[in-house]
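The values are calculated or read from the model by the stated rules, or taken from the named source; none is laboratory data. As the structure is a prediction and not an experimental result, all values here were calculated from the model. Note that we place each Cβ from the backbone using ideal geometry, even for glycine, and neighbour counts take in every protein chain shown. Note: accessible area is taken over every heavy atom of the protein model, side chains too, but ligands, DNA and RNA are not part of it. Shrake-Rupley method; radii C 1.70, N 1.55, O 1.52, S 1.80 Å.
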Amino acid sequence: MVTKKLDSIQAVRAIAILLVVGWHIAVKANVLGYTDSALFFIGNAGVDIFFVVSGFIMALCVQNSGRKNFFSKRFIRILPLYWLITLVALIAYCINPHLVNSHAASTTILHSFTLIPIQESAMLVDVGWTLRYELFFYFILWVSLLAAPKHALKLCSAIILLLVGVGVVGEHSFYKDFLTNPLIVEFVYGIVAFQACKWLKTDSNKMGIAIFAFGIACLIIFSHFNIGQHRCITFGIPAFIVVTGASLVDISGLKGFKLFNGIGNASYSIYLTHMFSLGFVIIIAKWLNLSSFVALSVWIALAGGMFTYYLIEKNVLRALRSKLRIN
């Protein structure tokens with residue numbers, strides 16, 4: 001049943017990337033004076049939705065494939081495209097450092113490629129900070145698969161909750177705060193959402209739509225009133241409800257399905273490239289004195305990401321899977 005509803009999870013990915021893109025556009029538009037309206041604060045939730053979706057998808061992968069080629073699959077899914085985009089950013093940085101992370105005091109090249117956290121230095125691809133947590137989650141899940149294949153999801157969840165608990169006590173330090181960041185609980189939310197989808201065992205779209213709508217309402221309310229001490233509550237809990245509801249809905253026959261499915265498929269490419277697209281739009285907007293900055297930014301970001309997905313990401317993944325003989 002779960003696999004039949006993955007189209008709706010792709011649609012959630014589409015929503016998540018639109019939120020992320022919207023947030024970054026709103027920040028730039030505000031800074032550049034294109035709009036004096038309130039920032040698109042709810043856009044922050046896009047990252048949290050991605051993390052919950054990641055937990056859900058990894059739970060599905062563990063159910064279907066166990067530990068077979070687990071780390072290899074995760075490696076080729078995340079790093080090759082990221083390294084390629086980072087290399088492009090490095091070229092731009094060498095030409096003019098101001099073109100990359102002009103807001104930061106310093107930019108780290110080595111740690112940008114290795115994704116090893118470092119204090120007080122920005123990455124060449126600024127959004128890459130989330131990949132550090134993705135890879136950390138993958139590592140914990142991989143260790144759990146090696147230690148207890150039949151109970152890997154439970155062990156992984158327990159390790160993450162233990163780490164977050166450790167972060168509450170004792171003195172703070174940069175690396176301790178990274179390893180125990182409550183943000184990683186959102187991967188557990190995704191695992192729980194996957195289990196909830198199995199437990200509910202419903203073929204009725206009505207329940208899923210109701211849960212999904214409730215999650216969207218919670219997201220709007222929580223973000224508006226900034227409920228919770230950490231984003232894993234403010235954005236994470238509504239994201240968990242949204243993903244749980246979506247996993248119960250079959251959207252394959254709905255109008256607009258292909259568009260959202262396409263954006264969802266290309267969401268990783270859009271995520272990595274949209275800041276480049278936004279920089280391009282800023283140059284064009286200043287040159288032509290355009291007033292439609294926000295709309296143009298959205299379309300260019302989506303177009304650039306889709307182009308990257310179909311021309312580069314899909315072909316790179318296909319080549320690597322064939323080379324490594326990974327299905």
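Here are the numbers:
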read-out	value
Close pairs from the stretch 49-67: first within 16 Å of GLY236 (Cβ to Cβ), partner crowded, with 16+ Cβ neighbours inside 10 Å and acidic (Asp, Glu), Cβ under 6 Å, at least 6 apart	PHE51/GLU186; VAL52/GLU186
Evaluation of PHE293 against (1) within 15 Å of ALA11 (Cα to Cα); (2) in contact with a Phe, Trp or Tyr (Cβ under 6 Å, 6 or more places away or on another chain); (3) surrounded by fewer than 24 Cβ atoms within 10 Å (Cβ to Cβ); (4) not small (Gly, Ala, Ser) (one fails), failing number	(1)
Within the stretch 260-296, tally of residues that are farther than 21 Å from ASP126 by Cα, in a helix (DSSP H, G or I), more than 19 Å from the chain's Cα centre (by Cα) and not small (Gly, Ala, Ser)	6
Near pairs, Cβ below 7 angstrom, 6+ apart or cross-chain, from the stretch 83-99 (modelled with pLDDT of 95 or more and of a type in the set (Phe, Trp, Tyr)) to any residue that is in a helix (DSSP H, G or I) and surrounded by 14 or more Cβ atoms within 10 Å (Cβ to Cβ)	TRP83/PHE113
Count of residues meeting criterion [open to solvent by less than 30 Å² (accessible area, probe 1.4 Å), in a helix (DSSP H, G or I), over 16 Å from TRP83 (Cβ atoms) and among the aliphatic types (A, V, I, L, M)] in the stretch 297-327	2
The stretch 160-213 - residue that is closer than 25 Å to ARG13 by Cα and basic (Lys, Arg) and, of those, surrounded by the fewest Cβ atoms within 10 Å (Cβ to Cβ)	LYS201
Residue that is open to solvent by 20 Å² or more (accessible area, probe 1.4 Å), within 20 Å of the chain's Cα centre (by Cα) and not hydrophobic (A, V, I, L, M, F, W, C), where the choices are LYS154, LYS73	LYS73
Subset of the stretch 217-227 [loosely packed, with under 14 Cβ neighbours inside 10 Å and either touching a Leu at 6+ places or on another chain (Cβ under 9 Å) or in a loop (DSSP other than H, G, I, E, B) (or both)]	ASN226
Residue that is surrounded by the fewest Cβ atoms within 10 Å (Cβ to Cβ) [pool: residues in the stretch 140-151 that are closer than 16 Å to MET58 by Cα and more than 25 Å from the chain's Cα centre (by Cα)]	LYS150
Filter pass, LEU84 being aliphatic (A, V, I, L, M), open to solvent by 50 Å² or more (accessible area, probe 1.4 Å) and under 18 Å from ALA266 (Cα atoms)	yes
Which numbered condition ILE251 fails, given (1) at pLDDT 85 or above; (2) assigned to a loop (DSSP other than H, G, I, E, B); (3) touching an Asp or Glu at 6+ places or on another chain (Cβ under 7 Å)	(1)
Flag if PHE222 is touching a residue at least 40 places away in the same chain (Cβ under 8 Å) and among the aromatic types (Phe, Trp, Tyr)	no
Candidate set from the stretch 237-249 (those that are within 16 Å of the chain's Cα centre (by Cα) and crowded, with 24+ Cβ neighbours inside 10 Å); member that is nearest to ILE49 (Cα to Cα)	ALA239
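Every residue, every condition in (1) under 17 Å from LEU131 (Cβ atoms); (2) open to solvent by 40 Å² or more (accessible area, probe 1.4 Å); (3) at pLDDT 90 or above, yes or no:
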site: VAL2; (1), (2), (3): no, no, no
site: GLN10; (1), (2), (3): no, no, yes
site: ILE25; (1), (2), (3): no, no, yes
site: ASP48; (1), (2), (3): yes, no, yes
